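A short write-up of the structure that comes next.
The values are calculated or read from the model by the stated rules, or taken from the named source; none is laboratory data. Bear in mind that the values here come from a model prediction, so they are computed numbers and not experimental data. Here the Cβ is made from the backbone with ideal geometry for all residues, glycine too, and neighbour counts use every protein chain on show.
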Amino acid sequence: MRLIPLPAFGRRRFASLSAEEILALAIASEEEDARIYRLYARCLRETFPATARLFEAMAEEEDEHRRWLIELYRSRHGELILPIRREHVADFYARRPVWLIENLGLDRIRAEALAMEREAEAFYRAAAERTTDAEARKLLGDLAAAEARHESDVEAMAAELARSGAASEECLAARRQFVLTWVQPGLAGLMDGSVSTLAPIFATAFATQNPWTTFLVGLSASVGAGISMGFTEAVHDDGKLSGRGAPWKRGLASGVMTTLGGLGHALPYLIPHFWTATAIAIAIVFVELWAIAWVQNRYMETPIGRAVFQVVLGGGLVLAAGILIGSG
C-alpha cells in the first residue's frame, strides 16, 4: 500500500484526494457522525426519550456504513487505513465541536442533524463521481441514498413524534427546563432587583432631592445586588440533582435581571429635574411590578390576583416606606 503523506502546512483540497484517501476519509467521517448521534441521544435520553431513540438508530446505521466502507477498503488497499480526517481537507464540511453540542436545544439539534445528513449526501455523491471502480462507485452511491433517507428521517421526526403523542410530552419537558433554568432564577432576580432597591433609591431621592446622587446610589445598589444574586444562584445548586440546568446559566439570568430590575427606576434620575425624574421613576416602578406579576402568571402559573397582590401591593408598600423614610 502506498501512503500519501499530507502536507506539513495547510490542508489538501478534496479534488486532489486519491480513491484510497476518499475511502479513508469516508470511514473517519462515519465514525465521527456515529459518535455525534450517540452524544445527541445521551443528552436527550432523560428529557426527550423518543428523539433519543431515533438518534441511537441513526448512530447504528452510521456504524453499518462504516463497516461496509472498511470491507471495501480492506479489499482494495489492505489493513492499514490512512489517518485522514475532515480537518485535513480544506474544502470538506466540518462538524460542530463536541464540547458545544450539550448546550444545544432540541430544535437546534434536529437542525444540526439535518445539516449533517445533507453534507454527507453531497460528499458521497461527489466521491462517487470521482470513482472509476465499479464496486466503490456503487457503494458510495448507495451511501448517498442512505444519507438522503436520513434527511427524510430527521425532517419527519417532528411529525412522527406528534403522531405518537411524544411531541407534546417533549414540548412540556422543554418548557419545564426553560422555566427552571432561565425563567425562575431570572424572575427571582427581577423581583429582588425591582423591590429591594426601591427603599434605598427613593429614600435617597427624597432625602437629598439630588438626581445625580440618587442615580449613583441606585446604580451601586443594582450592580451590587446583581453580582450577589448571580453568584448565590450559581454556587448554591449545581443542577445535577435538581435538574435546574447549568449553574452559570441560572447565575447569569439571576444576576442580569436583578441589575436590570434596579436600574429601571434608577436611570430616570439621569434627568436633572428632580420631580420629573421622580415621576418617571415611580411610573416605571409600577410597570416593573405589573411585568413581574405577568411573568408569574404566564410561566409560574400563579393566579393573576395572587401575583398582583404579592408583587404590586408588596412593592408599593416598599416604595412608600422609602419615600416616608427619605422625607422624614
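Would you point out the residue of the range 177-201, among those that are of a type in the set (A, V, I, L, M) and more than 22 Å from PHE274 (Cα to Cα), that is surrounded by the fewest Cβ atoms within 10 Å (Cβ to Cβ)?
In this case the residue turns out to be LEU180.
Of everything in the range 295-326 that's loosely packed, with under 14 Cβ neighbours inside 10 Å and at pLDDT 85 or above, which residue is nearest to the chain's Cα centre (by Cα)?
LEU317
So is ARG74 in contact with a helix residue (DSSP H, G or I) (Cβ under 9 Å, 6 or more places away or on another chain) and not hydroxyl-bearing (Ser, Thr, Tyr) or not?
no
Residue pairs, Cβ under 7 Å, 6 or more apart or interchain, first in the range 280-293 and over 13 Å from LEU263 (Cα atoms) and touching a residue at least 40 places away in the same chain (Cβ under 8 Å), second part of a helix (DSSP H, G or I) and not aliphatic (A, V, I, L, M). List them.
LEU289/SER194; LEU289/GLY315; ILE292/SER194
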